[in-house]
Amino acid sequence: MIKANNIHKSFGTLEVLKGVSLEVKRSEVVSIVGQSGAGKTTLLQILGTLSAMDSGSLRIDGQNIGGMNDNQLSDFRNRHIGFVFQFHHLLPEFTALENVMMPALIAGRSRQEAEKEALNLLKMMNLTERTTHKPSALSGGEQQRVAIARAIVNHPALLLADEPSGNLDTKNRDEIHSLFFRLRDELGQTTVIVTHDDGLASMADRKITMRDGIIL
């Protein structure tokens with residue numbers, strides 16, 4: 001699903017990634033761990049095509065990312081990559097259902113199709129009774145589950161998560177952790193998770209440790 005080779009990235013004179021190579025198999029859940037400043041989030045942003053690498057090569061789901069222009073990258077992200085962040089970034093004026101539908105509508109799917117898919121995902125997240133609630137009426141764990149449903153509504157080839165349970169209490173954190181593995185088992189979802197949570201990292205199919213811009 002991912003084949004990254006010799007990726008370098010600098011910000012000014014600071015070299016953040018120093019030749020990172022990585023492969024992730026289809027339907028694999030991979031965690032990336034390491035101290036702050038190790039380059040984890042920068043790598044995740046490059047894998048998500050949110051940030052350009054200075055050199056190296058990257059293929060996702062068989063497609064060469066390096067050869068795409070900005071419009072092609074934007075379309076590729078919408079159709080092939082889902083994102084989950086520490087803070088859910090839900091749109092406050094829309095309901096849970098509308099938030100989940102949004103990427104599907106942007107991708108050009110009909111409202112009827114988008115709504116059906118969103119309702120199915122919210123049911124999977126045990127949020128059927130909360131579909132008409134706006135984010136302010138949802139708990140932190142519920143908001144994050146809505147964000148995950150939104151991230152996978154277009155059946156992305158790849159799900160990227162950056163500290164997805166970092167601001168949740170123990171109960172909600174455990175529910176979110178279990179959810180990633182349900183997505184693997186039931187939907188075949190490929191997921192890469194950057195986390196400081198040792199429990200989540202150890203649950204993954206494979207744990208990758210970064211230090212000073214390289215993979216150990």
Expected single match for on the phi > 0 side of the Ramachandran plot, among the small types (Gly, Ala, Ser), touching a Ser or Thr at 6+ places or on another chain (Cβ under 6 Å) and touching a residue at least 40 places away in the same chain (Cβ under 8 Å) among Gly188, Gly213 is Gly188
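Quick grid of which residues meet (1) assigned to a helix (DSSP H, G or I); (2) at pLDDT below 95:
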site: His8; (1), (2): no, no
site: Gly37; (1), (2): no, yes
site: Thr49; (1), (2): no, yes
site: Gly56; (1), (2): no, yes
site: Gln72; (1), (2): yes, yes
site: Arg79; (1), (2): yes, yes
site: Phe83; (1), (2): no, yes
site: Glu93; (1), (2): no, yes
Only one of Ile81, Ile46, Ile7, Ile60 is β-branched (Val, Ile, Thr), over 16 Å from the mean Cα position of the chain (by Cα) and open to solvent by less than 20 Å² (accessible area, probe 1.4 Å), namely Ile7
Check: Right, Asn154: in a loop (DSSP other than H, G, I, E, B) and either on the phi < 0 side of the Ramachandran plot or touching a strand residue (DSSP E or B) at 6+ places or on another chain (Cβ under 7 Å) (or both) or not?
Finding: yes
Being assigned to a loop (DSSP other than H, G, I, E, B) and farther than 20 Å from Phe180 by Cα narrows His89, His133 down to just His133
Within the range 119-173, residues out of contact with any Phe, Trp or Tyr (no Cβ under 8 Å at 6 or more places or on another chain), open to solvent by 40 Å² or more (accessible area, probe 1.4 Å), more than 27 Å from Leu58 (Cβ to Cβ) and basic (Lys, Arg) come out as Lys123, Arg130, Lys171, Arg173
Of (1) outside any helix (DSSP H, G or I); (2) farther than 17 Å from Arg182 by Cα; (3) not aromatic (Phe, Trp, Tyr), Pro164 fails just (2)
Pairing a residue in the range 42-58 that is farther than 17 Å from Arg79 by Cβ with any residue that is part of a loop (DSSP other than H, G, I, E, B), where Cβ atoms lie under 8 Å and the two sit 6 or more apart in sequence or on different chains, gives Thr42/Ser51; Gln45/Ser51; Ile46/Ala52; Ile46/Met53
query: Can we say Pro92 is more than 26 Å from Arg26 (Cβ to Cβ), open to solvent by less than 20 Å² (accessible area, probe 1.4 Å) and touching a residue at least 12 places away in the same chain (Cβ under 8 Å)?
result: no
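Residue-wise test of (1) out of contact with any Pro (no Cβ under 8 Å at 6 or more places or on another chain); (2) closer than 30 Å to Ser10 by Cβ; (3) at pLDDT below 90; (4) surrounded by 19 or more Cβ atoms within 10 Å (Cβ to Cβ).
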site: Glu113; (1), (2), (3), (4): yes, no, no, no
site: Gly188; (1), (2), (3), (4): yes, no, no, no
site: Val194; (1), (2), (3), (4): yes, yes, no, yes
site: Ser202; (1), (2), (3), (4): yes, no, yes, no
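The values are calculated or read from the model by the stated rules, or taken from the named source; none is laboratory data. Everything numeric here is computed off the predicted structure, so don't read it as measured data. Don't worry about glycine lacking a Cβ; one is built from the backbone with ideal geometry, like all the others, and counts go over all protein chains shown. In case anyone asks, the SASA skips ligands and DNA or RNA and just uses the protein heavy atoms, side chains included. Shrake-Rupley method; radii C 1.70, N 1.55, O 1.52, S 1.80 Å.
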